[in-house]
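The values are calculated or read from the model by the stated rules, or taken from the named source; none is laboratory data. Every value quoted in this text rests on a predicted model; they were computed, and no experiment measured them. Every residue, glycine as well, gets a Cβ built from its backbone with ideal geometry; the counts of neighbours run over all protein chains shown.
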Amino acid sequence: MHIIDMRSDTVTKPTPAMRQAMYDAEVGDDVLGDDPTVQRLEELAAARLGKEAGLFVASGTMGNLICLLTHCGRGDEVILGDQAHTYIYEQGGSSALGGIHPRPLPNRPDGSIDLATMEAAIRGADIHFPRTKLITLENTHNRCGGAVLPVSTMQAVGELAHKHGLAFHLDGARLFNAAVALDVDAKELAAPCDSVTFCLSKGLGAPVGSVVVGSRAFVEEARRSRKVVGGGMRQAGVIAAAGIVALTQMVERLADDHANARRFAEGIAGIPGIALDLASVQSNIVIFEVDHPTVSPQQLVDVLWQQGIWTFAIGGKRVRAVTNYHVTAEDADMAARAVATAMGA
Ligand code: TLP
């Protein structure tokens, strides 16, 4: 059966160029600081995002955790969105492992957080309070349907954070999707941030890995945090090699994923029982609601699954479909037709 896997962009398999680069990779012991391929990836990532240094990590979850552990001590507080991946899907790792106190604020549908609410949430010096140390944002925003935060929002939050002596971290798991969608250099989105995590293993297609970037001093400390969470990998050049291909060959083509997401979204938007605001589809994620007397969101997902079209029910009435480089324009059309049939349209 022809499978159209839209569960995530994490499902992407390495390209032939990646497999070749992995085979050819020159390696060393990265914990001892001598894997040349990891170093090349870290330098390349830092240069692409306009930062001094980079750190190769095993996953987006590990990257965010390491950054939070590096910015905050036990009992310090991080301000983040109530729909943030870091808040919802990372097992509360920063509090479990770092004693960091989360201060979730409402994410608006566009992925942003109201600035005045954010400023009001910053704690004053009072013996009763935790100390606010960090603000984090997510761009693109996963649970907000791949919403893209513009450069102006990044700048405004950076200014607010720095005015109050706080650090600003970006969960940029899909930062390059945001840059391509906005047609800006990813550096511009990263500039207001003190640290950024971005993923190689999502739309960019690498099998494993994310990179944390920031100042040299920050990355030195983050390297210590990486070691304590078990993220010191030895001949990691084997996987970093695929990451270099991801960064050099797979960024521009993200525009195709965005076009296919839109194509799929336009195909399903008018179907009775499907609720979808097309303006919310800004990158490679489509989140829609199923509101139908006889078809539940999970039933729709199950019926599609039988036909080789894989999506996820993500709670409530919501279903998520994510385009990636294995999903063609024809696949997007076929998936939209299958939704129409399943909904009895
Ligand atoms: N997101 C995954 C799932 O965990 C939900 C997905 O399929 O979208 N930040 C953001 C914004 C993410 O979407 C993800 C992964 C992560 C961090 C974590 O990355 P990994 O999976 O590499 O730990």
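Look at the stretch 62-90: where a residue is over 14 Å from Leu134 (Cα atoms) and modelled with pLDDT of 95 or more and a partner is among the aliphatic types (A, V, I, L, M) and within 11 Å of the ligand (Cβ to nearest atom), sitting 6+ places away or on another chain with Cβ atoms under 7 Å, you get Gly63/Val57; His85/Ala173; Glu90/Leu65. Taken over the stretch 301-319, the criterion of being assigned to a strand (DSSP E or B) and in contact with a Pro (Cβ under 7 Å, 6 or more places away or on another chain) is satisfied by Ala313, Arg318, Val319. When Arg143 is tested against the conditions (1) surrounded by fewer than 24 Cβ atoms within 10 Å (Cβ to Cβ); (2) more than 13 Å from the ligand (Cβ to nearest atom), the lone failure is (2). Taken together, Leu200, Leu160 contain a single residue that is surrounded by 17 or more Cβ atoms within 10 Å (Cβ to Cβ) and within 16 Å of the ligand (Cβ to nearest atom), which is Leu200. Would you confirm whether any residue within the stretch 51-58 is modelled with pLDDT of 95 or more, surrounded by fewer than 17 Cβ atoms within 10 Å (Cβ to Cβ) and not in a helix (DSSP H, G or I)? There is at least one residue in the stretch 51-58 that is modelled with pLDDT of 95 or more, surrounded by fewer than 17 Cβ atoms within 10 Å (Cβ to Cβ) and not in a helix (DSSP H, G or I). Candidates in the stretch 59-86 are the residues that are surrounded by fewer than 24 Cβ atoms within 10 Å (Cβ to Cβ) and more than 13 Å from the chain's Cα centre (by Cα); of these, the one that is nearest to Gly243 (Cα to Cα) is Leu69. For the stretch 172-227, a residue qualifies if it is polar (S, T, N, Q) and either touching an Asp or Glu at 6+ places or on another chain (Cβ under 9 Å) or closer than 20 Å to Asp9 by Cα (or both), and the qualifying residues are Asn177, Thr197, Ser201, Ser210, Ser215.
Quick grid of which residues meet (1) in contact with a Leu (Cβ under 7 Å, 6 or more places away or on another chain); (2) more than 14 Å from the ligand (Cβ to nearest atom):
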{"position": "Ser59", "(1), (2)": "no, no"}
{"position": "Gly75", "(1), (2)": "no, yes"}
{"position": "Gln83", "(1), (2)": "no, no"}
{"position": "Tyr87", "(1), (2)": "yes, no"}
